[in-house]
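Okay, so here's the structure we're looking at.
Every number here is computed from the coordinates shown, using simple stated rules; none is lab data. These numbers come from a predicted model, not from an experiment. A quick note on method: Cβ atoms are made from the backbone with ideal geometry, for glycine too, and the neighbour counts reach across all protein chains shown.
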Amino acid sequence: MGDPRLLRVAQPVAASAFDSDALHLLVHDLLDTMHAAEGAGLAAPQIGVDLQVVVFGTDAPDAPPNPRYPDAPAVPLTVLINPTITPLDDAQEEGWEGCLSVPGLRASVPRFARIRYTAADLYGDPIVRSVSGFHARVVQHEVDHLLGKLYPTRVRDFSRFGFTEALFPQRDAVKSV
Ligand code: NI
């Protein structure tokens with residue numbers, strides 16, 4: 001947080017770049033970085049790359065819980081390129097978020113409860129999903145990175161924004177942000 005590269009609106013990936021070595025390398029790097037940091041998702045701007053590419057989710061439905069989000073349901077491992085989000089209705093819900101670009105902190109952030117998202121995959125094939133809950137939250141958080149937005153700018157109740165260790169003193173699992 002504070003790096004100007006996190007505040008840019010990311011560039012779309014050109015059609016000619018789908019399935020290219022460079023795009024495969026970028027996605028590989030994003031997945032490696034996300035796994036090494038035990039993140040729930042990661043966007044290209046977070047590793048300094050000005051492109052509309054995000055990754056999120058876990059490898060398999062029976063994968064162990066993410067230690068940073070131990071109560072979160074499994075989300076399929078997904079690569080989204082040039083994603084767009086449409087809320088399915090006006091309903092929003094609050095939920096805890098952290099961010100690998102904002103280490104040590106958590107906040108309760110309002111997000112649309114139900115969304116439809118569209119994107120391309122690594123090969124340029126379309127992805128269209130309607131999702132809710134944690135899956136919808138992760139996608140909204142990651143797509144925000146492509147708009148140059150970090151979650152603290154979405155916080156409404158600043159009494160629920162603070163250091164992970166202060167907010168969750170009893171929960172060892174969320175201390176290693
Ligand atoms: Ni983030």
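For the chain, the longest principal axis of the C-alpha atoms and the axis of helix 133-146 are separated by about 60°. When the Gaussian network model of the chain links Cα atoms closer than 10 Å, the mean-square fluctuations of 137, 111, 129 top out at 129.
Applying the criteria of a DSSP loop state and at most 14 other Cβ atoms within 10 Å to the chymotrypsin sites (Phe, Trp or Tyr not before Pro) of region 69-177 yields 123. Across region 103-136, the residues whose backbone nitrogen lies under 20 Å from the label position 7 Å along the beta-carbon direction of residue 171 are 103-113, 132-136. Modelled spin-label separation between residue 1 and residue 89, with each label point placed 7 Å from Cα along the Cα-to-Cβ direction: 3.3 nm. Each Cα pair under 8 Å and six or more residues apart adds its sequence gap; the mean of these over the residue count of region 112-169 is a relative contact order of 23 percent. Angle of helix 21-36 to the longest C-alpha principal axis of the chain, folded into 0 to 90 degrees and rounded to 10: 10°. Farthest towards the positive end of the charge dipole of the chain, among the residues 92, 4, 76, is the Cα of 92, using unit charges on the Cβ of Lys, Arg, Asp and Glu.
Given contacts defined as C-alpha pairs under 8 Å and at least six residues apart, what's the relative contact order of the chain, whole-number percent? Please list the in-between numbers first.
Working: 337 pairs, mean separation 42.6, N = 177.
Relative contact order, the chain: 24 percent.
Taken over region 4-167, the alpha-carbon convex hull comes to 110 cubic angstrom per residue. Here each label is just a point 7 Å from Cα along the line to Cβ, and for residue 149 and residue 15 those points are 2.9 nm apart.
Counting alpha carbon pairs within less than 8 Å and at least 6 residues apart, what relative contact order, in whole percent, applies to region 1-56?
42 percent.
Here region 20-121 is assigned +1 on the Cβ of each Lys and Arg and -1 on the Cβ of each Asp and Glu. Its dipole about the Cα centre then comes out at about 180 debye. This model, with +1 at the C-beta of Lys and Arg and -1 at the C-beta of Asp and Glu, gives the chain a dipole about its Cα centre of some 580 debye. Rounded to the nearest 0.05, what FRET efficiency do residue 130 and residue 158 have when you use their Cβ-Cβ distance and R0 = 35 Å? The computed FRET efficiency comes out at 0.65.
Result for the chain in a Gaussian network model with C-alpha springs under 10 Å: among 17, 119, 107, the largest mean-square fluctuation is at 17.
In the elastic network of the chain, a GNM with C-alpha springs shorter than 10 Å, the most mobile of 138, 13, 53 is 13.
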